[in-house]
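*Asks:* This structure is in structure tokens; I'll ask about it shortly.
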Amino acid sequence: MTTFLQVFMTGILTGGVYALVGIGLSLIFGVMRIVNFAHGEFVALGMYTSLLLFQSMGIDPYLALPLIIVGGILLGALVERVFIAPIIAAPEHVSILMTVGVGLVISNLLLFGFGAHPQSIFTWYSTKTVRVGGVTFSGPLSVSFLITLAVILGLYWVLTRTEIGRAMRATAQNRDAAELQGINTAVARMLAFGIGVALAAVSGTLLLPVLYVIPTIGGVFTLKAFVVTVLGGMGNVLGAIGGGLILGVTESLGAAYISSGYRDAFGLIAFLAVLLLRPAGLFGKSRV
Amino acid sequence: MLLVESINVAYGDLQVLWDVSLSVREGELVALIGANGAGKTTTLRAITGLLRPRSGRILFDGKDLTGLSPHRIVEMGIAHVPEGRQLFPLMTVEEHLLLGSFLPRARARRTQNLERVLSIFPVLRERFHQVAETLSGGEQQMLAIARALMSDPKVLLLDEPSLGLAPLIVKEVFGIIEQIHKEGVTILLVEQNVQQALTIADRAFVMENGRVVLEGSGSELLAHPEVKKAYLGM
Ligand SMILES: Nc1ncnc2c1ncn2[C@@H]1O[C@H](COP(=O)(O)OP(=O)(O)O)[C@@H](O)[C@H]1O
Ligand SMILES: [Mg+2]
């Protein structure tokens, strides 16, 4: 029983971070109606940036978060401006090719800059654990989970309580009507992409203390983000939280009780099951 | 104050407006009438920049609006209540009214305008925290008008505000339009409800097949034989 709880809770903690990746993808889809196939590469970029900051300047990943958030928003906004905005009205396959292309450029730059070998960081807290009622949690994973919660609450506050957050939601729900309220929807899209990229990069930073990183890890996360958003309903930001937790738990249980070699496959199986049984996602249609 | 000078507008290869010209002077209530498909909605969408004319000009207070993005045009003081209301389905009444005053100029007067709008539409006070998709048709129309008023517009464009409403609610909506007009807002009203629109209008334009074919004061057009025959069933 303790083992089950242990495995289950590890799944929840990991799933929280997956949710963050998925929320970014979902926000971008909700506001811009495009699927960002480079999403996982921005997770990888967040990981390597934190790795670099740690190795060259000794900056702890958790302390680097403010920098990662600001840098992520700026980079995302720039990428949107330069690569996505010009093709936003084009047919769907154009944006697919464009984001896939952006992802390829990022992963190859990472390969070029950091080499193909797996890397990780070792900190004073890497092996620390937290014990609650007989169940042991990884210390860094617990901290990452708590920060994830704070980031999600912060995002919720921005989307519902600030002028610019409301403007992004209005753009998602009715673009013409948003323009008619005086909202520059091109800027709203740029910002949504910036925030989405920042969320991906933050997830990367949060996972760095508990994962090995290789330049091609982005593809894995794009897939996970996709699974999370489809589980939660495309464009449904809150649903992505449920989707992330389900993915985390499925992977964790599958790896512990069936085979750890197929960890990533269990999430995909859950994904296919949901697609077959509830194509609109577990939590219904677009809710940004 | 608002001048449309022979605009031509097309959807792709299909031209639907031909040399459309019209004018709205400060303080007027101008009606734009015509059968379904005549081009009324297209005209309003061209004015607020949702569509770009192939040729022609649109002037507001002497400034050329042609080719500007809608958000820039709205900033100059034109509010547009689109056909079919175009609310944000998952947002509350409160959020709509906050979005209506998104622009800095309107944000500064948000509290005053909110009081004003809620006194014109008391039902919105009752529904303040309700999501738009749960409102009745009449309430949704009132919310769409209220949202537009929150921007403190100089000119208000209304596209078929009575569409799909019960007769009693239609009367209420027309009453409110007159009231807003009396308070000093210039109005361009698109309506298929020709009788009522012409009754409250200072002037009116009649459109047919993408062209303006008649123009005159509301009472002149009410008495005009062709208008009577085509739109009033007399
Ligand atoms: N999005 C569109 N694409 C193509 N044709 C359109 C579109 N919207 C309207 N039209 C056509 O343009 C003409 C004018 O339409 P509209 O301006 O909506 O008329 P009205 O508002 O007077 O009923 C109609 O013939 C209509 O079929
Ligand atoms: Mg129309």
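The values are calculated or read from the model by the stated rules, or taken from the named source; none is laboratory data. Everything numeric in this text was worked out from a predicted model, so none of it was measured. Counting neighbours? That spans all protein chains shown, and the Cβs are built from the backbone with ideal geometry, glycine included. The protein model used for the area step is the full one, side chains on, heavy atoms only, and it has no ligands, DNA or RNA in it. Shrake-Rupley method; radii C 1.70, N 1.55, O 1.52, S 1.80 Å.
*Asks:* Looking at the stretch B:31-50, is at least one residue more than 16 Å from ligand 2 (Cβ to nearest atom) and more than 14 Å from every other protein chain (Cβ to nearest Cβ)? Let's see the steps before the verdict.
*Replies:* Looking only at the stretch B:31-50, we keep the residues that are more than 16 Å from ligand 2 (Cβ to nearest atom), and these are B:49.
This time we only want the ones that are more than 14 Å from every other protein chain (Cβ to nearest Cβ), so: none.
Within the stretch B:31-50, not a single residue is more than 16 Å from ligand 2 (Cβ to nearest atom) and more than 14 Å from every other protein chain (Cβ to nearest Cβ).
*Asks:* Hey, another quick one. Any idea which of B:Ala31, B:Ala38, B:Ala79 is open to solvent by less than 10 Å² (accessible area, probe 1.4 Å) and more than 16 Å from ligand 1 (Cβ to nearest atom)?
*Replies:* B:Ala79
*Asks:* Can you find a residue in the stretch A:240-248 that is of a type in the set (Gly, Ala, Ser), in contact with a helix residue (DSSP H, G or I) (Cβ under 7 Å, 6 or more places away or on another chain), within 24 Å of A:Met9 (Cα to Cα) and within 14 Å of chain B (Cβ to nearest Cβ)?
*Replies:* No, the stretch A:240-248 contains no residue that is of a type in the set (Gly, Ala, Ser), in contact with a helix residue (DSSP H, G or I) (Cβ under 7 Å, 6 or more places away or on another chain), within 24 Å of A:Met9 (Cα to Cα) and within 14 Å of chain B (Cβ to nearest Cβ).
*Asks:* Sticking with this structure for a sec: Out of (1) in a helix (DSSP H, G or I); (2) surrounded by 15 or more Cβ atoms within 10 Å (Cβ to Cβ); (3) β-branched (Val, Ile, Thr); (4) modelled with pLDDT under 95, the odd one out for A:Val21 is which?
*Replies:* Going through the list (1) in a helix (DSSP H, G or I); (2) surrounded by 15 or more Cβ atoms within 10 Å (Cβ to Cβ); (3) β-branched (Val, Ile, Thr); (4) modelled with pLDDT under 95, A:Val21 breaks only (4).
*Asks:* Kindly state which helices (runs of 4 or more DSSP H) lie completely within the stretch B:1-115 and contain at least 2 residues that are on the phi > 0 side of the Ramachandran plot.
*Replies:* none
*Asks:* Also, quick follow-up: Which is buried (at least 18 other Cβ atoms within 10 Å of the Cβ), over 29 Å from A:Gly182 (Cβ atoms) and either more than 14 Å from every other protein chain (Cβ to nearest Cβ) or out of contact with any Asp or Glu (no Cβ under 6 Å at 6 or more places or on another chain) (or both), of A:Gly103, A:Gly134, A:Gly76?
*Replies:* Result: A:Gly103 is the single residue among A:Gly103, A:Gly134, A:Gly76 that is buried (at least 18 other Cβ atoms within 10 Å of the Cβ), over 29 Å from A:Gly182 (Cβ atoms) and either more than 14 Å from every other protein chain (Cβ to nearest Cβ) or out of contact with any Asp or Glu (no Cβ under 6 Å at 6 or more places or on another chain) (or both).
*Asks:* With closer than 22 Å to B:Arg147 by Cα, out of contact with any Gly (no Cβ under 9 Å at 6 or more places or on another chain) and surrounded by fewer than 17 Cβ atoms within 10 Å (Cβ to Cβ) as the only criterion, which of A:Ala186, A:Ala150, A:Ala170 stands out?
*Replies:* So the residue among A:Ala186, A:Ala150, A:Ala170 that is closer than 22 Å to B:Arg147 by Cα, out of contact with any Gly (no Cβ under 9 Å at 6 or more places or on another chain) and surrounded by fewer than 17 Cβ atoms within 10 Å (Cβ to Cβ) is A:Ala186.
*Asks:* Could you go through the stretch B:105-115 and let me know if any residue there is farther than 19 Å from A:Gln173 by Cα, at the interface with chain A (Cβ under 10 Å from one of its Cβ atoms) and open to solvent by less than 50 Å² (accessible area, probe 1.4 Å).
*Replies:* yes
*Asks:* Only one residue in B:Leu156, B:Leu163, B:Leu149, B:Leu118 is surrounded by fewer than 22 Cβ atoms within 10 Å (Cβ to Cβ), in contact (Cβ under 8 Å) with a residue 60 or more places away in the chain and within 20 Å of the chain's Cα centre (by Cα). Which one?
*Replies:* That would be B:Leu163, the only listed residue that is surrounded by fewer than 22 Cβ atoms within 10 Å (Cβ to Cβ), in contact (Cβ under 8 Å) with a residue 60 or more places away in the chain and within 20 Å of the chain's Cα centre (by Cα).
*Asks:* Taking only pairs six or more apart or across chains, which ones have beta-carbon atoms under 7 Å, a first residue in the stretch B:41-69 that is within 16 Å of B:Gly12 (Cα to Cα) and touching a residue at least 40 places away in the same chain (Cβ under 8 Å), and a second residue that is basic (Lys, Arg) and within 14 Å of ligand 2 (Cβ to nearest atom)?
*Replies:* Close Cβ pairs (under 7 Å, with a partner that is basic (Lys, Arg) and within 14 Å of ligand 2 (Cβ to nearest atom)) amount to B:Leu51/B:Arg45.
*Asks:* Still on this structure: For the stretch B:212-221, indicate whether the set of residues that are of a type in the set (D, E, K, R) and open to solvent by 30 Å² or more (accessible area, probe 1.4 Å) is non-empty.
*Replies:* The answer is yes, given that some residue of the stretch B:212-221 is of a type in the set (D, E, K, R) and open to solvent by 30 Å² or more (accessible area, probe 1.4 Å).
*Asks:* Criterion first (open to solvent by less than 10 Å² (accessible area, probe 1.4 Å), among the charged types (D, E, K, R), within 16 Å of ligand 1 (Cβ to nearest atom) and in contact (Cβ under 8 Å) with a residue 12 or more places away in the chain) does B:Glu191 satisfy it?
*Replies:* Against the criterion (open to solvent by less than 10 Å² (accessible area, probe 1.4 Å), among the charged types (D, E, K, R), within 16 Å of ligand 1 (Cβ to nearest atom) and in contact (Cβ under 8 Å) with a residue 12 or more places away in the chain), B:Glu191 qualifies.
*Asks:* Further, regarding this structure: Within the stretch B:43-54, can one find any residue that is within 16 Å of ligand 1 (Cβ to nearest atom), modelled with pLDDT of 95 or more and among the small types (Gly, Ala, Ser)?
*Replies:* yes
*Asks:* Moving on to the next point. Could you figure out which of (1) away from ligand 2 (no atom under 16 Å from the Cβ); (2) closer than 26 Å to B:Leu165 by Cα; (3) at pLDDT below 90 isn't true of B:Tyr231?
*Replies:* B:Tyr231 satisfies all of (1) away from ligand 2 (no atom under 16 Å from the Cβ); (2) closer than 26 Å to B:Leu165 by Cα; (3) at pLDDT below 90 except (1).
*Asks:* Next up: Any residue at all in the stretch A:222-234 that is within 14 Å of another protein chain (Cβ to nearest Cβ), in a loop (DSSP other than H, G, I, E, B) and open to solvent by less than 10 Å² (accessible area, probe 1.4 Å)?
*Replies:* Yes, because at least one residue in the stretch A:222-234 is within 14 Å of another protein chain (Cβ to nearest Cβ), in a loop (DSSP other than H, G, I, E, B) and open to solvent by less than 10 Å² (accessible area, probe 1.4 Å).
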